[in-house]
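Undergrad: Right, I'll just put the structure down here and ask away after.
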Amino acid sequence: MPEHPTLRIRGTKSRSLLGKKIVLGVTGSIAAVRVVELARELIRYGADVYGVMSTAAMEIIHPYTLHYATGHGVITKLMGKIEHVEFLGMEGYADLYVIAPCTANTLSKIATGVSDTTVTAFATTAFGSRIPIIVVPAMHETIYRSPVLKENIKKLKQLGVTVLEPKMEEGLAKIASTDEIILEIERKLSAGKLRGKRVLITGGPTIEPIDSIRVLTNRSSGRTGIELAKEAYRQGAEVVTLVHTRDDLKLRGIREIKVETAREMVDACMNELSSARAAGNAYDVLISAAAIADFTIPELHDGKLPSGGRVSLMLVPTPKLIAEVRREFPELAIVGFKAEVKVTESELIERARHKLEEYNLVMVVANDLAKGGMGTEENEVFIIKRDDDHVKHIKGMKSMIAAEIIDELAGLV
């Protein structure tokens with residue numbers, strides 16, 4: 001039988017879930033209309049998705065809709081194939097069970113062992129075979145705040161279920177975003193190469209004011225820092241903190257500290273590292289991916305500089321993040337970035353090695369901006385590690401490059 005047309009999109013966005021089989025349980029929340037987007041996005045990340053619907057869910061969307069979204073027939077009742085055992089039994093071939101959206105009724109049934117629908121029967125089976133479960137609640141806010149429901153959520157968490165808490169808007173406990181759900185699924189199914197580690201990352205440009213309107217900055221998009229933060233979380237890092245200038249990511253699991261100037265970025269990192277150490281939760285690594293401005297204006301002009309004429313500006317050097325961090329935290333593993341323009345490959349690698357040795361870094365990621373990378377979705381980089389003569393050359397999407405950087409880093413921290 002030819003492959004369903006939907007499956008032609010498999011792995012077109014990422015290969016992080018390639019080969020993974022995910023059972024997607026759908027219950028009778030209006031948020032079920034979001035399940036098509038979720039299922040197809042999971043396929044784009046490489047997963048095979050199999051839908052399971054409760055009777056109430058079928059009153060919101062038709063099973064044909066989920067069949068189209070997943071490319072597989074939908075399970076709406078348990079038949080002679082004992083589908084719940086086939087997928088989630090001791091010898092089942094699914095890797096994960098996700099219930100999105102999950103109503104209060106279904107959540108409470110799962111917590112108390114009731115298995116009177118296809119969705120709840122699949123959950124009970126997954127518990128017995130220790131297949132991981134992710135529950136994504138969606139309901140009215142008053143229902144979500146019920147102390148009974150809160151107790152059942154607590155119970156599920158104690159049983160090892162990952163509960164993606166909803167966001168409260170317009171009197172509703174709205175389902176988590178598709179990006180958040182996928183990131184949590186990736187984390188659950190990853191190799192966990194940074195499990196238990198605490199990671200501090202800088203990203204994006206700094207913004208140095210000239211007057212009340214104008215600024216000095218650079219063409220950095222901040223994408224590399226964001227992708228590194230997401231990959232660190234995927235790989236199980238206990239704490240991921242991103243210090244950057246971009247708009248809020250609003251992804252759970254990634255803590256953001258917003259700054260503008262080079263001085264603010266350095267101070268934010270020093271304060272974060274110091275407070276964590278004082279609390280006995282020291283960071284394991286700093287990944288300094290930000291394109292921090294090398295120069296700033298010593299005195300901000302009050303108001304607006306006049307237009308149309310010549311203006312002379314005095315520029316002074318900005319503080320060097322890696323230098324300040326290394327002086328105060330000699331034991332910290334640091335990953336640096338080295339950007340040059342129009343140099344030979346050997347010159348680029350030589351300068352990266354000099355930075356590696358000067359600041360006692362564990363790794364340097366080097367690139368030639370003349371070949372791209374600044375403000376783009378793709379890049380070409382060289383990874384140079386301490387005590388390792390091998391240089392890794394990577395060219396491709398920044399998400400893929402971030403995965404390679406974290407993979408190399410995992411063996412060093």
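The values are calculated or read from the model by the stated rules, or taken from the named source; none is laboratory data. Remember, it's a predicted structure, so these values are computed and weren't measured experimentally. No Cβ is skipped: glycine too gets one built from the backbone with ideal geometry, and neighbour counts run over all protein chains shown.
Undergrad: Return the pair list, or none, for Cβ contacts closer than 7 Å from residues in segment 346-368 that are under 20 Å from residue 321 (Cβ atoms) to residues that are assigned to a helix (DSSP H, G or I) and basic (Lys, Arg), at least 6 apart or on different chains.
TA: If the second residue must be assigned to a helix (DSSP H, G or I) and basic (Lys, Arg), the pairs left are 359/326; 360/326; 361/355; 364/355.
Undergrad: Considering each of 323, 293 in turn, give the residue that is under 29 Å from the mean Cα position of the chain (by Cα), surrounded by 10 or more Cβ atoms within 10 Å (Cβ to Cβ) and under 17 Å from residue 214 (Cα atoms).
TA: Sole residue among the options that is under 29 Å from the mean Cα position of the chain (by Cα), surrounded by 10 or more Cβ atoms within 10 Å (Cβ to Cβ) and under 17 Å from residue 214 (Cα atoms): 293.
Undergrad: While we're looking at this one, here's another question. Is it the case that residue 107 is in the same structural domain as residue 16 (by TED's automatic domain parsing), over 30 Å from residue 226 (Cβ atoms) and surrounded by 19 or more Cβ atoms within 10 Å (Cβ to Cβ)?
TA: yes
Undergrad: Let me ask something additional. Search segment 394-413 for residues that are assigned by TED's automatic domain parsing to the domain that holds residue 285 and pair each with any residue that is surrounded by fewer than 17 Cβ atoms within 10 Å (Cβ to Cβ) and not charged (D, E, K, R) when their beta-carbon atoms are under 7 Å apart and the residues are at least 6 apart or on different chains.
TA: As it stands, the answer is none, since no pair meets every condition given.
Undergrad: Looking at segment 1-33, which of its residues are within 13 Å of residue 101 (Cβ to Cβ) and either among the aliphatic types (A, V, I, L, M) or assigned to a helix (DSSP H, G or I) (or both)?
TA: Those that are within 13 Å of residue 101 (Cβ to Cβ) and either among the aliphatic types (A, V, I, L, M) or assigned to a helix (DSSP H, G or I) (or both): 24, 26, 30, 31, 32, 33.
Undergrad: Just a yes or no: is a residue in segment 136-145 surrounded by fewer than 22 Cβ atoms within 10 Å (Cβ to Cβ) and in contact with a His (Cβ under 6 Å, 6 or more places away or on another chain)? Break it down stepwise before answering.
TA: Taking segment 136-145 first, the residues surrounded by fewer than 22 Cβ atoms within 10 Å (Cβ to Cβ) are 140-145.
Subset that is in contact with a His (Cβ under 6 Å, 6 or more places away or on another chain): none.
Taking every residue of segment 136-145 in turn, none turns out to be surrounded by fewer than 22 Cβ atoms within 10 Å (Cβ to Cβ) and in contact with a His (Cβ under 6 Å, 6 or more places away or on another chain).
Undergrad: Given the criterion acidic (Asp, Glu) and at pLDDT below 95, identify the matching residue among 231, 208.
TA: 208
Undergrad: Can you tell me which residues in segment 274-322 are closer than 20 Å to residue 217 by Cβ, of a type outside the set (Val, Ile, Thr) and modelled with pLDDT of 90 or more?
TA: Once the filter is applied, which keeps residues that are closer than 20 Å to residue 217 by Cβ, of a type outside the set (Val, Ile, Thr) and modelled with pLDDT of 90 or more, segment 274-322 yields 288, 289, 290, 291, 293, 294, 295, 315, 317, 319, 320, 321.
Undergrad: Further, regarding this structure: Can you find even one residue in segment 337-353 that is of a type in the set (A, V, I, L, M), in contact with a Leu (Cβ under 9 Å, 6 or more places away or on another chain) and at pLDDT 95 or above?
TA: There is no residue in segment 337-353 that is of a type in the set (A, V, I, L, M), in contact with a Leu (Cβ under 9 Å, 6 or more places away or on another chain) and at pLDDT 95 or above.
Undergrad: Within segment 157-195, which residues are of a type in the set (A, V, I, L, M), touching a Leu at 6+ places or on another chain (Cβ under 7 Å) and farther than 19 Å from residue 29 by Cα?
TA: Once the filter is applied, which keeps residues that are of a type in the set (A, V, I, L, M), touching a Leu at 6+ places or on another chain (Cβ under 7 Å) and farther than 19 Å from residue 29 by Cα, segment 157-195 yields 182, 183, 185, 189.
Undergrad: Kindly indicate which of 150, 174, 157 is modelled with pLDDT under 95, out of contact with any His (no Cβ under 8 Å at 6 or more places or on another chain) and closer than 29 Å to residue 125 by Cα.
TA: After ruling out the rest, the residue left standing is 174.
Undergrad: Okay, next question. Within segment 244-264, identify whether any single residue is closer than 30 Å to residue 196 by Cα, buried (at least 23 other Cβ atoms within 10 Å of the Cβ) and in the same structural domain as residue 400 (by TED's automatic domain parsing), and answer yes or no.
TA: Within segment 244-264, one or more residues are closer than 30 Å to residue 196 by Cα, buried (at least 23 other Cβ atoms within 10 Å of the Cβ) and in the same structural domain as residue 400 (by TED's automatic domain parsing).
Undergrad: On to the next question. Scan segment 72-93 for residues that are surrounded by 21 or more Cβ atoms within 10 Å (Cβ to Cβ), within 30 Å of the chain's Cα centre (by Cα) and either polar (S, T, N, Q) or closer than 22 Å to residue 37 by Cα (or both) and report the count.
TA: Matching residues across segment 72-93 total 1.
Undergrad: Could you tell me whether any residue of segment 1-10 is closer than 24 Å to residue 132 by Cβ, in contact (Cβ under 8 Å) with a residue 60 or more places away in the chain and surrounded by 18 or more Cβ atoms within 10 Å (Cβ to Cβ)?
TA: no
To keep it simple, each residue is scored yes or no on (1) hydroxyl-bearing (Ser, Thr, Tyr); (2) in contact with a Cys (Cβ under 7 Å, 6 or more places away or on another chain); (3) modelled with pLDDT under 95.
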residue	(1), (2), (3)
5	no, no, yes
24	no, no, no
32	no, no, no
37	no, no, no
42	no, no, no
45	yes, no, no
51	no, no, no
62	no, no, no
71	no, no, no
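Residue-by-condition table, conditions (1) in contact with an Asp or Glu (Cβ under 7 Å, 6 or more places away or on another chain); (2) assigned by TED's automatic domain parsing to the domain that holds residue 234; (3) on the phi < 0 side of the Ramachandran plot:
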residue: 87; (1), (2), (3): no, no, yes
residue: 111; (1), (2), (3): no, no, yes
residue: 155; (1), (2), (3): no, no, yes
residue: 164; (1), (2), (3): yes, no, yes
residue: 170; (1), (2), (3): no, no, no
residue: 181; (1), (2), (3): no, no, yes
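Undergrad: Let me ask another. Kindly establish whether residue 62 is free of Cβ contacts under 8 Å to residues at least 12 places away in the same chain, surrounded by fewer than 15 Cβ atoms within 10 Å (Cβ to Cβ) and of a type outside the set (Ser, Thr, Tyr).
TA: yes
Undergrad: Kindly indicate whether residue 128 is more than 15 Å from residue 84 (Cα to Cα) and in the same structural domain as residue 32 (by TED's automatic domain parsing).
TA: Here the answer is no, as residue 128 does not meet what is asked.
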